[in-house]
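Shown next, in structure tokens, is the structure this report addresses.
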Amino acid sequence: SPAQAVPGALVPVEEGAGATHTPLLGQHEQLELLERLDFVVRNVVELRKEVEELRNSLQHLAAEIVGEVRSHLEETQRLNRRRRFPYPRDRSDSTGSSSIYFTASSGNANTDDGESEGGYSTANAESDYDRESERESEEGEDEVSCDTVRTVRRDSLDLGTEDEAPLSLDSSLEEGLGQLLQQADRLHGGDERDRREGFQLLLNNKLAYAGQREFLWRLARAHSDMWELTENEEEKQSYASEGKKELELALQKWDQSAECHQWFAILCGQLSEHESIPKRIQAGCVFKEHIDKAIELKPEDPQLYYLMGRWCYQVAHLGWLEKKTVSALFEAPPTATVQDALQNFLRVEELSPGFSKAGRVYIAKCYRDLGNSSAAALWMSLASELPGNTKEDAESERELEEMR
């Protein structure tokens, strides 16, 4: 009956106005039921308190994030205004002055960014300005910074700052920057001592050239070099974090720079190496987004296809727990196969035969995983022919030995 469906229900013994009610449960059972109900009530109350504390914590965290983003935007805008015209000049009727855009033209196939010391070209850009309009724009920016917090995009870290032309340099600074970039590229392609020297060289010149795109991505690249050379885990994290911050600022103004996207992706991967599985997977998705963008901007760079091949190979070999985490984090989880990885590594060889020892080892591993033992043996032999110049090459040689 419906009455029996309710614990402790009372039912009438007989009909009529004077009907009495007899409990279905005995006294002992009623006490036990009351204790259980009391236990449930206490747990509900505790749960309510925990939910309330969680809600307050999330609100506090959101307020902190908004405050930090607001402060970062205001500080960035102040720095941009200071840097925009570092060398005030009298207003003139000239249509332009020398402004420098550096583009490396060629390089050693084994360098990380596919570039090295090479030719640099200069282009003319307008540099005249009106002081009154500058003051008006500054006042407008102050109002915007006080009233608006812009949305931060995870993939490109575009904080909505206006596009600006590179800062003009006078002739002496311009010449010095050209020589500095060539020396930095040469040291980056050298041994451990050279790369440490290159890092210090760029760090020493940061104050003079921090507003130049070609300088900033090389400085970030040098931080990545130091990450590779350092054994201490805290120092590794520090180098990767500082390099990533440099590129966060650079990508606000130069979202069309393939090098900025490439090294931002690499530093994201390095920074997440010892993080939890969810953070590594999220960093991997950011990595792919920026490498995709870099390939779009620079489709003939073999280094970019090598990095994409590495990403595809790792995704294709995710473990059970990692796959479950990916499914939980994303509605449309990123996917890749060994065949995808192989196509990227073969593209590297097409663009630059013998680009790296590690690349050929990965081709051999892909063919092995696909069951093509003869092709795997061929590429193992081809990989053995290349010298080992980097720490990654040394690891590749060890993998070759294991495969043999």
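The values are calculated or read from the model by the stated rules, or taken from the named source; none is laboratory data. Every value quoted in this text rests on a predicted model; they were computed, and no experiment measured them. No Cβ is skipped: glycine too gets one built from the backbone with ideal geometry, and neighbour counts run over all protein chains shown. Side chains are part of the model used for accessible areas, which takes the heavy atoms of the whole protein and leaves out ligands, DNA and RNA. Shrake-Rupley method; radii C 1.70, N 1.55, O 1.52, S 1.80 Å.
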Original post:
When only residues in the range 294-325 that are within 15 Å of THR337 (Cα to Cα) and not in a helix (DSSP H, G or I) count, which is most open to solvent (accessible area, probe 1.4 Å)?
Top reply: HIS317
Original post:
Can you name the residue in the range 267-295 that is at pLDDT below 95 and β-branched (Val, Ile, Thr) and is also nearest to GLU242 (Cα to Cα) among such residues?
Top reply: VAL286
Original post:
For ALA250, all conditions in the list (1) touching a residue at least 12 places away in the same chain (Cβ under 8 Å); (2) out of contact with any helix residue (DSSP H, G or I) (no Cβ under 9 Å at 6 or more places or on another chain) hold save one; what is the number of the exception?
Top reply: (2)
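Say we look at the range 326-336 and pick out the residues that are in a loop (DSSP other than H, G, I, E, B) and hydrophobic (A, V, I, L, M, F, W, C); which of these is surrounded by the fewest Cβ atoms within 10 Å (Cβ to Cβ)?
Going through the range 326-336, the residues in a loop (DSSP other than H, G, I, E, B) turn out to be 330-336.
Right, trim to hydrophobic (A, V, I, L, M, F, W, C) and you get 330, 332, 336.
Values: PHE330: 12, ALA332: 5, ALA336: 19.
Top of the filtered list is ALA332.
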Original post:
What number of residues within the range 253-265 satisfy the criterion of being in contact (Cβ under 8 Å) with a residue 60 or more places away in the chain and open to solvent by 10 Å² or more (accessible area, probe 1.4 Å)?
Top reply: 3
**OP:** Output the residues belonging to the range 337-356 that are open to solvent by less than 30 Å² (accessible area, probe 1.4 Å) and either hydrophobic (A, V, I, L, M, F, W, C) or part of a helix (DSSP H, G or I) (or both).
**Re:** VAL338, ALA341, LEU342, ASN344, PHE345, VAL348, GLU349, PHE355
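How many residues does the range 227-244 contain that are surrounded by fewer than 19 Cβ atoms within 10 Å (Cβ to Cβ) and touching a residue at least 12 places away in the same chain (Cβ under 8 Å)?
Applying the first criterion (surrounded by fewer than 19 Cβ atoms within 10 Å (Cβ to Cβ)) to the range 227-244 yields 228-235, 237-238, 241-242.
Restricting the remaining residues to those that are touching a residue at least 12 places away in the same chain (Cβ under 8 Å) gives 228-229, 233, 237, 241-242.
The total comes to 6.
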Original post:
Which of the residues that make up the range 266-280 are hydrophobic (A, V, I, L, M, F, W, C) and open to solvent by less than 20 Å² (accessible area, probe 1.4 Å)?
Top reply: LEU267, CYS268
Original post:
Taking interchain pairs and intrachain pairs at least six residues apart, which have beta carbon atoms under 6 angstrom, with the first residue in the range 376-404 and under 15 Å from CYS366 (Cβ atoms) and the second open to solvent by 60 Å² or more (accessible area, probe 1.4 Å)?
Top reply: ALA376/ARG368
Original post:
Which condition number does CYS312 fail, the rest of (1) in contact (Cβ under 8 Å) with a residue 40 or more places away in the chain; (2) under 26 Å from LEU247 (Cα atoms) being met?
Top reply: (1)
